[in-house]
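J.: The following block contains the structure, expressed as structure tokens.
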Amino acid sequence: MAAKDKYPEPTYLECGFGELEHDVIMSELCCYCGNCIAFCPKIDKKDNRPELVEYDPLCGLCYAYCPRSFLDMSAMENTIFGRLRSEKEALGIYNKAVSAQSTLSNVKDVSQDGGVVTALLVQALEDGVIDCAVVTDRDDNWHTVPKVATTAEEIVASAGTKYTITPSIIGLQMALDQGFEKIGFAGTPCQIQALRKVQFLEEPYQFGQDKIALLVGLFCMENFEYESLFQGLVKGVFGLKPADVDKFEIQGGKFRVLSGDDVHEVPISETNDYLWNGCGPCFDFSAELADVSVGSVGSGSGWSTVLTRTNVGADLYDATLKAGALEEKAISDKGLALAERLAGDKATRFQTKTAELLEKGVPINIKR
């Protein structure tokens, strides 16, 4: 029996938090995107997992909005792009692929790679495309928090990849509560999937989905759990405290921790013990449902690979380029092939992981 026949797509009317907890959270499918926490006042977070704080027998929105309870990627592709991706489109549907970097010194000094995400969000804010940007910030010990940025300075201050799992969508609800009307969001592929699901599901409740004005997606192979990363690797292997870390990066197959003038690194293959378990059942490397996707893979040091996907994303990128906040160059065939290969690797890992879970009786309703 095919998986889709064995596990028919449920609806929010049939399933609630009990099913979410059984099918997703306890089965370690949860990507901790924050969607259920953000859009249901009866759910909060505890110990890196959603937790029901007030029972409601009639509500199943948490199950409906979860990107891991059921996900129909093809249906959302059709809605966004008017067609389905082909098998040759390993990075999803896009209309332009380039290498780019910010020309602004204050952005380049703090950015992860090319500073493109920061430059795009700042331009969107200045042009009125958005009136705030939901980003992920951190404290001195690298504890991450969602942040509603309303100025260019606040966006720049939150630049850089954090590398630990964060329910950043909570920040979108914060922005809605503060009355913002045109919200920009930057996040990982699973978070972009979650917000698209909120936008497109047909259900009777409205929480301000129409106020999501811009989705900037980040390339992501996997993410890490905070305690495992900092206790197991940063402290256990490198002998560093969280406050000693200036930056994380992945280069040349190495996971690197920069601390002052020192660089500590291990092969990326040796970081598997620190990964978030919920990253396994994920096939999306390049945030295929975003308006524009950005990552370092495929471009040289100090540059970012940019994929513009929707008219919103393409118009914003062009405006940022025209304003002189970005410069671009052609991405090499070799660089694009590398990004496509990693996307294929993640898709293969998804197939392997879901096969293992199905063998254990875990329902998988994620349709590529």
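J.: Taking the residues in the range 104-127 that are among the aliphatic types (A, V, I, L, M) and closer than 18 Å to Thr161 by Cβ as candidates, determine which candidate is modelled with the lowest pLDDT.
T.: Filtering first and then ranking leaves Val110.
J.: Consider Asp177 carefully, then state whether it is at negative phi, of a type in the set (Asp, Glu) and touching a Ser or Thr at 6+ places or on another chain (Cβ under 7 Å).
T.: no
J.: Now a separate question. Could you grab me the full set of residues in the range 149-191 that are part of a loop (DSSP other than H, G, I, E, B) and under 30 Å from Lys254 (Cα atoms)?
T.: Hits for the range 149-191 are Ser158, Ala159, Gly160, Thr161, Lys162, Tyr163, Ile165, Thr166, Pro167, Ser168, Ile169, Thr188.
J.: While we're on this one: Give the number of residues within the range 228-284 that are of a type in the set (Asp, Glu) and not in a strand (DSSP E or B).
T.: Number satisfying all stated conditions: 6.
J.: Among Val312, Val297, Val306, which is touching a strand residue (DSSP E or B) at 6+ places or on another chain (Cβ under 7 Å), in a helix (DSSP H, G or I) and buried (at least 17 other Cβ atoms within 10 Å of the Cβ)?
T.: Val312 is the lone residue from the list that is touching a strand residue (DSSP E or B) at 6+ places or on another chain (Cβ under 7 Å), in a helix (DSSP H, G or I) and buried (at least 17 other Cβ atoms within 10 Å of the Cβ).
J.: Name the single residue that is modelled with the lowest pLDDT among those in the range 66-101 being among the polar types (S, T, N, Q) and touching an Asp or Glu at 6+ places or on another chain (Cβ under 8 Å).
T.: Of everything passing the filter in the range 66-101, Ser69 is modelled with the lowest pLDDT.
J.: Also, quick follow-up: So, in the range 155-200, exactly how many residues are under 15 Å from Leu125 (Cβ atoms), hydrophobic (A, V, I, L, M, F, W, C) and crowded, with 20+ Cβ neighbours inside 10 Å?
T.: Looking only at that region, the number is 8.
J.: In the range 352-363, which residue that is part of a helix (DSSP H, G or I) and touching a residue at least 60 places away in the same chain (Cβ under 8 Å) is farthest from Cys282 (Cα to Cα)?
T.: By that ranking, first place goes to Leu358.
J.: Still on this structure: Tell me the helices (runs of 4 or more DSSP H) entirely within the range 71-148 that contain at least 2 residues that are assigned by TED's automatic domain parsing to the domain that holds Pro189 and within 27 Å of Gly34 (Cβ to Cβ).
T.: Result: 73-81, 116-127.
J.: Any residue in the range 239-267 that is under 16 Å from Ser111 (Cα atoms) sitting within a Cβ distance under 6 Å of a residue that is of a type in the set (Ser, Thr, Tyr)? List the pairs, counting only those 6 or more apart or interchain.
T.: Between residues of the range 239-267 that are under 16 Å from Ser111 (Cα atoms) and residues that are of a type in the set (Ser, Thr, Tyr), the close pairs are Val245/Ser259; Asp246/Ser259; Phe248/Tyr163.
J.: Look at the range 210-237 and say how many of its residues are over 30 Å from Thr308 (Cβ atoms), of a type outside the set (Ser, Thr, Tyr) and either in contact with a Gly (Cβ under 9 Å, 6 or more places away or on another chain) or surrounded by 17 or more Cβ atoms within 10 Å (Cβ to Cβ) (or both).
T.: 5
J.: What residue, of Gly18, Gly82, Gly34, is at positive phi and surrounded by fewer than 17 Cβ atoms within 10 Å (Cβ to Cβ)?
T.: Of Gly18, Gly82, Gly34, the one residue that is at positive phi and surrounded by fewer than 17 Cβ atoms within 10 Å (Cβ to Cβ) is Gly82.
J.: On to the next question. Just the residues that are part of a loop (DSSP other than H, G, I, E, B) and farther than 16 Å from Leu195 by Cβ, please, taken from the range 47-69.
T.: Asp47, Asn48, Arg49, Val53, Glu54, Tyr55, Asp56, Pro57, Leu58, Cys59, Gly60
J.: For Ala325, work out the one condition from (1) of a type in the set (Gly, Ala, Ser); (2) touching a residue at least 24 places away in the same chain (Cβ under 8 Å); (3) surrounded by fewer than 20 Cβ atoms within 10 Å (Cβ to Cβ); (4) over 24 Å from Gln191 (Cα atoms) it doesn't fulfil.
T.: All conditions pass for Ala325, except number (3).
J.: Restricting to the range 130-154, name every residue that is surrounded by fewer than 22 Cβ atoms within 10 Å (Cβ to Cβ) and either in contact with a strand residue (DSSP E or B) (Cβ under 6 Å, 6 or more places away or on another chain) or among the hydroxyl-bearing types (Ser, Thr, Tyr) (or both).
T.: Asp137, Arg138, Thr144, Val145, Lys147, Val148, Thr150, Thr151
The values are calculated or read from the model by the stated rules, or taken from the named source; none is laboratory data. All figures in this text were calculated on a predicted structure; none of them were measured in a lab. When we count neighbours, we look across all protein chains shown, and the Cβ atoms used for this are built from the backbone with ideal geometry, even at glycine.
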